[in-house]
Amino acid sequence: MYFEDQKNTFNFVSGLIIGALVGAGIALMAAPTSGKRTRRKMLRRVLNARRAAGEHVDDWTADLRSAVRSGRRRLRT
């Protein structure tokens with residue numbers, strides 16, 4: 001039950017983030033600035049988002065490894 005709740009939460013947050021990124025991309029495309037400037041802005045934001053996502057994946061990986069170690073310790077005793 002606990003893992004299903006986490007899965008549902010993860011799916012919701014993932015959908016929210018993806019929706020926000022798509023919305024931001026559409027908003028930038030509809031912006032009244034020049035195409036070259038808008039593309040630069042989009043590239044910069046995508047690169048920042050990619051870096052931030054990588055940091056979150058690193059955090060999630062560390063949390064997962066910690067949970068696995070904890071589970072193994074519990075099984076040994």
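Note on segment 58-77: residues that are aliphatic (A, V, I, L, M) and either open to solvent by 100 Å² or more (accessible area, probe 1.4 Å) or at pLDDT below 85 (or both) amount to 2. Taken over segment 23-45, the criterion of being open to solvent by less than 80 Å² (accessible area, probe 1.4 Å) and assigned to a helix (DSSP H, G or I) is satisfied by Gly23, Ala24, Gly25, Ala27, Leu28, Gly35, Thr38, Lys41, Met42.
The values are calculated or read from the model by the stated rules, or taken from the named source; none is laboratory data. The structure presented is a predicted model; accordingly, all values stated were derived computationally and were not measured. Heads up: the accessible areas ignore ligands, DNA and RNA and are worked out on the full protein's heavy atoms, side chains in. Shrake-Rupley method; radii C 1.70, N 1.55, O 1.52, S 1.80 Å.
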